[in-house]
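Each remark here refers to the structure printed beneath this line.
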Amino acid sequence: MFQSICIRAFSDLWPYDALIFMSFFYYLRYRNYWRAQKIETFRKVNFLRVIREFQKRKRRFGE
């Protein structure tokens, strides 16, 4: 009885279960790549921010 209920529930959830499993697998696979991309974009944004701040200070002091 219990086994049949479990099998029925599993067969109802099967596609979603597969999607969850595959998405988790891809997350594990590409996690480091995504992290590297995020860090790279963050570095670029930081660099641009530093340049802007430097230009503002230049204008402020009239150099």
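What the table shows:
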{"read-out": "Pair list, Cβ < 9 Å and 6+ apart or interchain, from region 45-63 residues that are assigned to a helix (DSSP H, G or I) to residues that are surrounded by 10 or more Cβ atoms within 10 Å (Cβ to Cβ) and modelled with pLDDT of 75 or more", "value": "none"}
{"read-out": "Single residue of 61, 10 found to be at pLDDT below 70, of a type outside the set (A, V, I, L, M) and surrounded by 10 or more Cβ atoms within 10 Å (Cβ to Cβ)", "value": "10"}
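The values are calculated or read from the model by the stated rules, or taken from the named source; none is laboratory data. Note that the coordinates shown come from a computational prediction; the quantities given were computed from them, not determined experimentally. All Cβ positions, even for glycine, are placed from backbone atoms using ideal geometry, and neighbour counts span all protein chains on display.
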